[in-house]
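All of the numbers you see were taken from the coordinates with simple rules; none came from a lab. Everything numeric in this text was worked out from a predicted model, so none of it was measured. Using ideal geometry, Cβ is built from the backbone for each residue, glycine included, and neighbour counts are taken over all protein chains shown.
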Amino acid sequence: MAPGRYGAIAIGVVTPGLDNIYRSASMGQAWTTFAIPGTSGGATLSSLQFMSPVTGCLVTGNPGTGSRGQMFWTTDAGQTWYPVRF
């Protein structure tokens with residue numbers, strides 16, 4: 001949950017297809033979905049965290065094992081996510 005955003009919840013879910021981030025701004029009554037590009041099911045999703053009420057990040061993959069990792073960034077409380085280029 002983003003700090004200071006009562007009722008707004010974001011979760012990462014591993015699925016057989018594209019992995020997803022689910023977001024609710026209504027305490028779980030309604031959900032929107034963001035399919036995580038570059039995943040094909042079973043990706044390691046970690047570090048889903050918010051640093052402020054609107055800014056957060058998510059890390060996918062497991063770079064320690066040689067798999068390709070990605071970082072995604074949001075600045076609108078999880079409504080949209082963008083890949084971070086290094």
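Residue separation of Thr32 and Met71 scaled by 0.36 nm, minus their Cα-Cα distance, works out to 12.0 nm of gained length.
Simple spin-label estimate for Phe86 and Met51 gives 1.5 nm between the two label positions (7 Å along the Cα-to-Cβ direction from each Cα).
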